[in-house]
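The values are calculated or read from the model by the stated rules, or taken from the named source; none is laboratory data. Because the structure is a prediction, the values reported are computed rather than measured. Reconstructed Cβ throughout: ideal geometry from the backbone, glycine too, with neighbour counts over all protein chains shown.
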Amino acid sequence: MAYDGGPVIKQALVQLIFAGSSWSASDGKALAANIHHSLKRLLAGPYMWGLSQYSGILPGSLVEHDVFDPTEPTAPVTFDSVGERLGTLIPSGNISDFRINDQILYIVFTQGVQFKDPMALGFHNYDEIDGSRFHYAWINAITLDVATYAASHELVEACTDPEINGYGWIIKTASGNVREEVADLCEIPEFSYSEGIVAAPYWSDLDGACICPSRSFKLWIDRDECDIGPTMGSTSVVNAAYVGLQPEWLTGSELPPLTGFTYYWEDAYEVYYPGSRTGLMATVSWWLPNDFYTTTIWFVATADNGTQLRASITVSPRSPLQAQAAALACRIRKMRNNINRIPPFIIDRFGPDGPPMPSDADFRAIRSELQKTQALTDHLEKIMLLAKREKRQRAREVPVPSFTAKANYPTPPRVQINH
Ligand SMILES: [Zn+2]
């Protein structure tokens, strides 16, 4: 994206206008209420977060009071017809006035009338009253999903380039002739979602991709330093934990709370037999012997508003001997680290103001720790020899197909992911 020095809307205050008599029918009223609710969430929510890279544009807000204009819009809708109608409405005083707040963006929704290109679902533009410019968009509200998709497209473009191709944030071709705005590069034939609401993706220079931001955080899979991974024939407990989850996201503040999580663990029957699954915790039993497999355990948590979190961990089960060797090596590493932390080893720090000389007891403790470490190291060497022998032996054996063992186990039902 390139910035041409023109105006941007840094913190939009959006005034919704429902134009035409259809909005006073009960269907129309319900749709208008849903559009209001959805756009309020998109405006205040993470959908807008990706715009901060363009002149520091912030999330915005919605004027609580919508305007219902019963005047029937004329067909076809044109840039001028929408601008002119607003030019009449704004001075009437029943609508937020851009001359009081220049962050106002008017979004006009109609039903049953089309733009001259019937495929166009919306546009944004500007007009003026007494030489002051106001910014607006028009949306063909065919359904709720179409309305929020088109309105979010025009919203992000109006914020980044309110005076359409008027030198805000735009995309230029090499020739400089064809200009596109922030959402135009990202038009795809499928709906995308932000926090469960249909919204238009837009271009992010930072990501080098089209984005449709939602709250996101990572899942972390807990492992002890000396938990050297799964061992064939053994059982592991895998704990997933949230990283970066803001506490207020769970309770709801500006944003609706993330609640009602359903969990989905994907299983790899070739490598392990899945045991119990309770929320964030899963137990798996590793097949024996299949040390030639590496597998990935997938985990998906879905909140009831459609937000999904994913985590995975890749593991290679070890033979019991390999596991024993790895566990010993880890213990030895830990002991060496402890010995290195004992003060007498920083000898060059001694002096009149340095720490006191180590006592005989200190030296005895260090000697004892070193002896234990040495004993463990000798033991490790023996195990490594055995593991090598085991590997050579297994290479000579004809591999047994792994499916013979697992045929005895029932297939547990898979949990459906909510969208
Ligand atoms: Zn556009």
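Remarks
- Criterion applied to T110, T74 was being without any contact (Cβ under 8 Å) to a residue 60 or more places away in the chain, farther than 12 Å from Q15 by Cα and away from the ligand (no atom under 16 Å from the Cβ), and the one residue passing it is T74.
Residue-wise test of (1) under 30 Å from L380 (Cα atoms); (2) modelled with pLDDT under 80.
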{"position": "Q246", "(1), (2)": "no, yes"}
{"position": "W249", "(1), (2)": "no, yes"}
{"position": "G252", "(1), (2)": "no, yes"}
{"position": "Y263", "(1), (2)": "no, no"}
{"position": "T295", "(1), (2)": "yes, yes"}
{"position": "A301", "(1), (2)": "no, yes"}
{"position": "A326", "(1), (2)": "yes, no"}
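- Pair list, Cβ under 8 Å, 6 or more apart: the stretch 176-188 residue within 12 Å of S204 (Cα to Cα) and at pLDDT 80 or above, other residue near the ligand (Cβ under 8 Å from one of its atoms) and not acidic (D, E): A183/H153
- Set side by side, the residues S194, S236 differ, and just one is within 30 Å of N34 (Cα to Cα) and at pLDDT 70 or above, which is S194.
- Selection from the stretch 189-200 of residues that are without any contact (Cβ under 8 Å) to a residue 60 or more places away in the chain and touching a Cys at 6+ places or on another chain (Cβ under 9 Å): S192, A200
- When A150 is tested against (1) surrounded by 23 or more Cβ atoms within 10 Å (Cβ to Cβ); (2) more than 12 Å from the ligand (Cβ to nearest atom), exactly one condition is not met: (2).
- Residue check, A137 under 25 Å from S24 (Cβ atoms), touching a strand residue (DSSP E or B) at 6+ places or on another chain (Cβ under 6 Å), within 16 Å of the ligand (Cβ to nearest atom) and in a strand (DSSP E or B): yes
- Test result for A120, within 24 Å of S204 (Cα to Cα), within 16 Å of the ligand (Cβ to nearest atom) and surrounded by fewer than 16 Cβ atoms within 10 Å (Cβ to Cβ): yes
- Of all residues in the stretch 105-137, those satisfying the criterion of being within 18 Å of E187 (Cα to Cα) and of a type in the set (A, V, I, L, M, F, W, C) are M119, A120, L121, F123, A137.
- Of all the residues in the stretch 153-164, those that are within 21 Å of G87 (Cβ to Cβ) and within 12 Å of the ligand (Cβ to nearest atom) number 3.
- Consider the stretch 179-201 and keep the residues that are of a type in the set (V, I, T) and not in a strand (DSSP E or B). The one that is farthest from the ligand (Cβ to nearest atom) is I188.
Conditions tested, residue by residue: (1) over 24 Å from G196 (Cβ atoms); (2) β-branched (V, I, T); (3) outside the structural domain of P70 (by TED's automatic domain parsing); (4) modelled with pLDDT under 95.
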| residue | (1), (2), (3), (4) |
| --- | --- |
| L16 | no, no, no, no |
| L31 | no, no, no, no |
| I35 | no, yes, no, no |
| R41 | no, no, no, yes |
| P46 | no, no, no, yes |
| S52 | no, no, no, yes |
| G56 | yes, no, no, yes |
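- Test for I171: is it in a strand (DSSP E or B) and modelled with pLDDT under 90: yes
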